[in-house]
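Here is the structure we will look at.
The values are calculated or read from the model by the stated rules, or taken from the named source; none is laboratory data. These numbers were taken from a predicted model, which means no experiment stands behind them. Here the Cβ positions follow ideal geometry from the backbone for every residue, glycine too, while neighbour counts run over all protein chains shown.
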Amino acid sequence: THPRPSDDTHPRPSDGNPPRPSDGKPTRPSGGKPPRPVSECAPSPEMKTVVKLLEQLVDKVQELEGKLDVLLQSDTSVRPQHTWRNLTTGTYAFLGEPCTWFEARDKCKAIGGYLVDINSQEEQDLIVKISHALGWKELKLAFWLGLNDIQKEGSWVWEHSQRRNNDGFRYWKPRPDNDETRPDNEDCALAKGTSYGWHQSPCDTKKKLGSDWTPATVCKKDG
């Protein structure tokens, strides 16, 4: 009778995994260090470059979307009636058609909002940011505020809230002179210029005069 060969003389084929000790845990190569987790690996310069290019691409797409909005607003045959934008300070619609203060007020009412009132520097900055993204600065499009002193000269009041401007945030550039003898009757507030400072203006201003800005509309709604 021939003795049965020992299993040790015929090792089993390797399955590609490291040999395991009797306790079932994988062994570590002698003298080696455990591999660093992927999360701890610093990004390569090439990866940083790719991330930067992607960020620039996103910014460019947003800029082009803003310019497309302006083009759509300038073509009455294809533009939507309005688009509401949700910001941290409220919900707004930017309408790029030239209009008087009264026309702007009526447009906002027609779409369920009101001519914008601005209650803080944060709100001013956010509206300006969107205006710039839409290309309004390049087009020299200003926008009407709900602020006016139509009822009483020098008493500037927000059309929607009826809050007096002296009681809250102000961004006059320069301050209104409130001169009742002025022949141009500048009773409405218009935000214009690079920083969209507030200027008093005749309420029936509509068309661009010389190098001045053309008034458009920013509406606001609650909720």
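What do you reckon, is ASN166 out of contact with any strand residue (DSSP E or B) (no Cβ under 7 Å at 6 or more places or on another chain), modelled with pLDDT under 90 and part of a helix (DSSP H, G or I)? Yes, satisfied.
So, in the stretch 193-222, of the ones that are outside any strand (DSSP E or B) and in contact with a Gly (Cβ under 9 Å, 6 or more places away or on another chain), which residue ends up modelled with the highest pLDDT? Only one residue fits best here, namely TRP213. Against the list (1) at pLDDT 95 or above; (2) loosely packed, with under 14 Cβ neighbours inside 10 Å; (3) small (Gly, Ala, Ser), the condition SER161 fails is (1).
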